[in-house]
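> The structure under discussion is supplied below as structure tokens; questions concerning it will follow.
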Amino acid sequence: MLAMVTIGVYGFDGASFLQRLRLADVRLLLDVRQRRGVRGPEYAWANSLRLQAALAQARIIYEHHPELAPTTELRRLQYAEDDRRGVGKRSRHELAAEYTRRYTTEILDRADLTRIVSALPVSGTAALFCVERDPEACHRSLIARRLAERHGVTIEHLRP
């Protein structure tokens, strides 16, 4: 049975993030961020080069999948909805319906997830990685749902 996990940056520090990946036996991390940096000194560990170095030391393969990242326009659409609701990116609990619809049609429907599924590790698991703490507030949950529905992948969401 194929299995994957999802994980975000917020709520972790570098050490607890790596520990959570180890506990889940993650061997491959799929970064689905558009911009691979995170604001704030507490999350400097998640900036691309630092994260890749830490993962390499932990013997976890890193892959960036920009084809699964939301466009700047889509991110702005979500931010506008966050502003309308009075929530910040770090406190969002769900995605806007229009963002979900457009991400699905503009990104997910065009993506070749078969390639990702065929590259999943034989032993251990892979992780879909983005920023938000809660998967429901992040596009990685949409990718995970599609992988489950169309490819039979079992998904577990890792939280701090």
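The values are calculated or read from the model by the stated rules, or taken from the named source; none is laboratory data. Treat the numbers as computed from the prediction; the structure is a model and nothing was measured. Note: ideal-geometry Cβ built from the backbone for every residue, glycine included; neighbour counts use all protein chains shown. Surface accessibility is based on the protein's heavy atoms, side chains included, excluding ligands, DNA and RNA. Shrake-Rupley method; radii C 1.70, N 1.55, O 1.52, S 1.80 Å.
> Could you check, for the stretch 94-110, whether at least one of its residues is closer than 17 Å to Met1 by Cα and open to solvent by less than 70 Å² (accessible area, probe 1.4 Å)?
No.
> Taking the stretch 18-31 as the search range and keeping residues that are under 10 Å from the mean Cα position of the chain (by Cα) and either among the aliphatic types (A, V, I, L, M) or open to solvent by 20 Å² or more (accessible area, probe 1.4 Å) (or both), which one is nearest to Leu68 (Cα to Cα)?
Here the residue is Leu30.
> Taking the stretch 1-17, which residues are in a helix (DSSP H, G or I) and either open to solvent by 30 Å² or more (accessible area, probe 1.4 Å) or closer than 17 Å to Ala144 by Cα (or both)?
Passing the criteria: Ala15, Ser16.
> Among the numbered criteria (1) within 14 Å of Phe129 (Cβ to Cβ); (2) open to solvent by 30 Å² or more (accessible area, probe 1.4 Å); (3) in a helix (DSSP H, G or I), which single criterion is violated by Gln34?
(3)
> Any residue at all in the stretch 72-85 that is among the β-branched types (Val, Ile, Thr) and not in a helix (DSSP H, G or I)?
Scanning the stretch 72-85 turns up no residue that is among the β-branched types (Val, Ile, Thr) and not in a helix (DSSP H, G or I).
> Continuing with the same structure: Filter the stretch 102-160 for residues that are over 24 Å from Phe17 (Cβ atoms) and hydroxyl-bearing (Ser, Thr, Tyr); which is modelled with the lowest pLDDT?
Ser118
> While we're on this one: In the stretch 43-54, how many residues are open to solvent by 40 Å² or more (accessible area, probe 1.4 Å) and farther than 14 Å from Gly8 by Cα?
Residues meeting the conditions: 4.
> I'd like to verify a number: residues in the stretch 135-154 that are under 19 Å from Tyr10 (Cβ atoms) and either in contact with a strand residue (DSSP E or B) (Cβ under 9 Å, 6 or more places away or on another chain) or not hydrophobic (A, V, I, L, M, F, W, C) (or both), how many?
Qualifying residue count for the region: 8.
> Among the residues of the stretch 47-69, which ones are assigned to a helix (DSSP H, G or I) and under 24 Å from Tyr103 (Cα atoms)?
The answer is Ser48, Pro66, Glu67, Leu68.
> Which of the residues that make up the stretch 111-159 are part of a helix (DSSP H, G or I) and without any contact (Cβ under 8 Å) to a residue 12 or more places away in the chain?
Of everything in the stretch 111-159, those that are part of a helix (DSSP H, G or I) and without any contact (Cβ under 8 Å) to a residue 12 or more places away in the chain turn out to be Arg115, Ser118, Arg145, Ala148, Glu149.
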